[in-house]
1. If Val120 meets every condition in (1) assigned to a loop (DSSP other than H, G, I, E, B); (2) surrounded by 13 or more Cβ atoms within 10 Å (Cβ to Cβ) apart from one, which number is that one?
2. Determine whether Ala110 is over 27 Å from Met12 (Cα atoms), part of a helix (DSSP H, G or I) and small (Gly, Ala, Ser).
3. In this structure, does Gly64 turn out to be more than 17 Å from the chain's Cα centre (by Cα), touching a residue at least 24 places away in the same chain (Cβ under 8 Å) and surrounded by 10 or more Cβ atoms within 10 Å (Cβ to Cβ)?
4. Yes or no: Leu54 under 30 Å from Glu106 (Cβ atoms) and either of a type in the set (A, V, I, L, M) or in a loop (DSSP other than H, G, I, E, B) (or both)?
5. For the stretch 89-117, give me each residue that is of a type in the set (Ser, Thr, Tyr) and surrounded by fewer than 12 Cβ atoms within 10 Å (Cβ to Cβ).
6. Answer with yes or no whether Lys42 is more than 21 Å from Gln5 (Cα to Cα) and in a helix (DSSP H, G or I).
7. Could you tell me whether the stretch 72-91 includes any residue that is small (Gly, Ala, Ser) and part of a loop (DSSP other than H, G, I, E, B)?
8. Which members of the stretch 67-122 meet the condition of being within 15 Å of Ala38 (Cβ to Cβ), of a type in the set (D, E, K, R) and under 16 Å from the mean Cα position of the chain (by Cα)?
Amino acid sequence: MYRWQKRIKFWMWEMVGVPSQWNPVNRGQRLLEEALEAVQCKEIGLTEEQCHDLVRYVYNRPPGVLHMEIGGVIVCLLAFADATGEDVLTCLTDEVMRIERPEVIEKVRAAILRKRNDGVGN
């Protein structure tokens, strides 16, 4: 297993302490949330309507194969980072350093509860 993947798994299980959050549906929700937040940034400017159009487009096609789709996500992330002038490894390193801070862990725990109460989390 890739070392970053192990590190995040440890963070999820040990630091955040919410193993119920480690399931495919919840992780898929968080992946989609983060992708939407990335394209929502003012530098990108994708509209809500464009996102809804894309959701309808995707869900009107047959589902893909998970292994291939994960690879596609990674390839598109690398291309997206390049198109926006970002370095993926720097972004990853900075974010992991940020989320491992105790005050951020507490914010994450609060966000998990808030999302659960809002009906968008497990």
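Every number here is computed from the coordinates shown, using simple stated rules; none is lab data. Fair warning: this is a prediction, and the values are worked out from it, not measured in the lab. Neighbour counts run over all protein chains shown; Cβ positions are idealised from the backbone, glycine included.
1. (2)
2. It is false that Ala110 is over 27 Å from Met12 (Cα atoms), part of a helix (DSSP H, G or I) and small (Gly, Ala, Ser).
3. Taking the combined requirement at face value, the residue does not satisfy it.
4. no
5. Hit for the stretch 89-117 is Thr90, nothing else.
6. Answer is no for this residue.
7. Yes, because at least one residue in the stretch 72-91 is small (Gly, Ala, Ser) and part of a loop (DSSP other than H, G, I, E, B).
8. Within the stretch 67-122, Asp94, Glu95 qualify.
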